[in-house]
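First the structure, in the form of structure tokens, and then the observations on it.
The values are calculated or read from the model by the stated rules, or taken from the named source; none is laboratory data. A quick note: this is a predicted structure, and the numbers were derived from the prediction, not measured. All Cβ positions, even for glycine, are placed from backbone atoms using ideal geometry, and neighbour counts span all protein chains on display.
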Amino acid sequence: MQGPGTAGLTAYVPLLVMFVLAGGFALFSVTAAPFIGPRRYNRAKLDTYECGIEPSPQPLVGGGRVPVAYYLTAMMFILFDVEMVFLYPFVINIDALGLFGLVEVVLFIGTVAFAYAYVWRRGGLDWT
């Protein structure tokens, strides 16, 4: 016999099982990788690698600084991820949110589009 309020908690058991399985897989992957991974090291594998630029013994222009385009690429990637995180709940609950949810999502997409247009206009998306 279940007590009051326990029926609602049983709905979370699959979620808890998923988190336990995900954590177990992550721990297993991290601990097993050194034992089952390849151990053939060569000079090219041990050499530094910076976003497609061939490493050279000479320092980069400007005292070894990395071009700003790499950081802009990373920030754009994060913006796309955050945008998807905010849009996912709307897609799931589109019927429950109604017109209010639609207005909020249109305002959010408009704000993000304005930011992308600003970055594009300023030349932030030119990779050359």
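In this entry, L46 is excluded by the filter for residues that are within 27 Å of the chain's Cα centre (by Cα) and either modelled with pLDDT of 75 or more or surrounded by 10 or more Cβ atoms within 10 Å (Cβ to Cβ) (or both). When the criteria are applied in full, F108 meets the requirement of being modelled with pLDDT of 85 or more, among the aromatic types (F, W, Y) and assigned to a helix (DSSP H, G or I). Of all residues in the stretch 76-102, those that are charged (D, E, K, R) and modelled with pLDDT under 85 have Cβ atoms under 7 Å from Cβ atoms of residues that are surrounded by 14 or more Cβ atoms within 10 Å (Cβ to Cβ) and in a helix (DSSP H, G or I), 6 or more apart or on another chain, in E83/V112. The numbered conditions (1) at pLDDT below 75; (2) more than 30 Å from L125 (Cα to Cα); (3) part of a loop (DSSP other than H, G, I, E, B); (4) not charged (D, E, K, R) are all true for G63 except (2).
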